[in-house]
């Protein structure tokens, strides 16, 4: 039963120095042609929408495309899907794309949650990340959202940026406290291959922060967000009670979802399929999908242990007709090393285990 629909918009106004997602800066005619193909693909899979609970439009930067093309997509979605049954309809946005017109448009088509790529409020660090917004743009965006009663929004932040100080992190946390955001995603910067930051690090043009300092940032972020009242419910995600990302929980609970658009992944009928990542090939044949290796017994653990509540041992046995430790006997030792613990029916990472999670994951893969 497919519960989630993901729609990929691969376009950005500029490419961030840390980003390795499927994205590009494109000409207007390329964007328009892609959107037409995207809508055709949405129509092609229309028989799969009966049990949808969430929709997520991500990227790239969905908010960067012209409003008329965005409305064309949203109109198509509203004609194909009964939006009254959708509990969470999310869209990603950059702060400087949030205007009165944009907010009124997405509300018109029942988008009820925004995920906003802030990353930091420090203008120098934003420039290093090649973001095209400033602190003032972020403040203005939140003002517009509140004026239009768009209260359900997530803010994305990053720590561990080169030159970032503890004072910078504290400033970001203070901004979060004042923002009234219902959800926070807070990631540690990763130097992904083939990104500008990775190149700069490799050439010695930038120096990564000391690992101990980054660990201190992590501790401060976790502690301060929980003091503010946010529940730490997944490795990098925090929310006030009742505002956890329902769409992302579909992934973390290894439930079924359908991906539409360039490079989008789908998981249903006990298989995983990936759309083509070449925009030319995708436009020529959007129906062609690549089958990927899929091991649900393994991935249920890898995804489930990202949640701070862990996984239900009973549900695991019901789903796979075997005990977790029968399928993955090496995990028993992590009960001794105190990286894993069993609380009631749940197997979960301890606080130490969250910091050393890769040691656990290596015994699952």
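A short reminder: the numbers here are calculations on the coordinates, not readings from a lab. Please read all numbers here as calculations on a predicted model, not as lab measurements. Please note: Cβ atoms are built from the backbone with ideal geometry, for glycine as well, and neighbour counts cover all protein chains shown.
When only Cα pairs below 8 angstrom with a gap of at least 6 residues are kept, the chain shows a relative contact order of 16 percent. A straight chain from residue 256 to residue 351 at 0.36 nm per residue would run longer than the Cα-Cα distance by 31.3 nm.
Relative to one another, the C-alpha centroids of the range 178-257 and the range 290-322 are positioned 22 Å apart. Between residue 78 and residue 200, the modelled label-to-label distance comes to 4.2 nm, taking each label 7 Å out from Cα in the direction of the beta carbon. Give me the Debye-computed log₁₀ of I(q)/I(0) at q = 0.06, 0.09 Å⁻¹ for the chain, equal point scatterers on Cα only, no solvent, two decimals. Taking Cα atoms of the chain as identical point scatterers yields -0.23, -0.54. Note on residue 333/residue 293: beta-carbon distance plugged into 1/(1 + (r/R0)^6) with R0 of 35 Å gives a FRET efficiency of 0.85. What FRET efficiency do you get for residue 220 and residue 32 if R0 is 45 Å and r is their Cβ-Cβ distance, rounded to the nearest 0.05? My answer for the efficiency is 0.50. Here 279, 116 are placed in order of increasing Cβ neighbour count within 10 Å, fewest first, which gives 279, 116.
Annotation: the antiparallel percentage among DSSP beta bridges lying fully within the chain is about 40.
Please arrange 51, 320 by how many other C-beta atoms lie within 10 Å of their C-beta, fewest to most.
51, 320
As a rough footprinting exposure proxy, the listed residues 54, 87, 195 were ranked by other beta carbons within 10 Å of their own, and the order from fewest upward is 87, 195, 54.
Given the rule -39500 (n - 2.57) for each run of at least 4 DSSP H residues, summed and divided by the residues of the chain, what is its mean residue ellipticity at 222 nm, to the nearest 500 deg cm²/dmol? The per-residue figure over the chain is -11000 deg cm²/dmol.
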